[in-house]
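Q: I'd like to ask some things about the structure below.
The values are calculated or read from the model by the stated rules, or taken from the named source; none is laboratory data. The model shown is predicted, which means the values in this text are computed figures rather than measured ones. For neighbour counting, all protein chains shown are included, and Cβ atoms are generated from backbone atoms with ideal geometry for every residue, glycine included.
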Amino acid sequence: MARTIISTAAAPAAIGTYSQAVKVGNTVYISGQIPLDPATKEMVTGDFEAQVRRVFDNLKAIATAAGGSLNSAVRVTIFLVDMGNFAQVNKVMAEYFAEPYPARAAVGVASLPRGAAVEADCILEL
């Protein structure tokens, strides 16, 4: 089956050897997004909630470019440097995703690219 590369200027450009997203059939695999502002190319600083919002805004922009939305998500993985921030992720996620929510995993990690406190990826089914 053919692969289609999804790319949008509304989300940060890839900073490594990966694509923002890859579509195969009706499935879209969105690469991990950190709180990187696509306009400034800088990390969002300040409170953790602002960082999570930037991550979900980046995922949303890529989902839209792929022809879907975050409500097309069937799987989300959240990576957290501090699992104590899990409640804030839940609060913000409820604003970006509608019920029934996608399957999800939350993983505690030692570090993330560019010193990010949070990263998320997702899989869409269009």
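Q: Picking from A106, A120, A94, which residue would you name as being more than 24 Å from S19 (Cβ to Cβ), in contact with a Ser or Thr (Cβ under 9 Å, 6 or more places away or on another chain), at pLDDT 95 or above and of a type in the set (A, V, I, L, M)?
A: A106
Q: Something else about it: Would you be able to tell me the number of residues in region 15-49 that are free of Cβ contacts under 8 Å to residues at least 60 places away in the same chain, surrounded by fewer than 13 Cβ atoms within 10 Å (Cβ to Cβ) and among the aliphatic types (A, V, I, L, M)?
A: 2
Q: Give the residues of region 14-38 that are among the small types (G, A, S), within 17 Å of R114 (Cα to Cα) and at pLDDT 95 or above, sorted by residue number.
A: Scanning region 14-38 gives S31, G32.
Q: Here's something else I'd like to know. Name the pairs: first residue in region 81-94 and farther than 15 Å from V109 by Cα, second residue among the hydroxyl-bearing types (S, T, Y) and surrounded by fewer than 16 Cβ atoms within 10 Å (Cβ to Cβ), Cβ to Cβ under 7 Å, at least 6 apart or on different chains?
A: none
Q: Please indicate, with yes or no, whether at least one residue in region 51-64 is at pLDDT 95 or above, touching a Lys or Arg at 6+ places or on another chain (Cβ under 8 Å), surrounded by fewer than 20 Cβ atoms within 10 Å (Cβ to Cβ) and not hydroxyl-bearing (S, T, Y).
A: no
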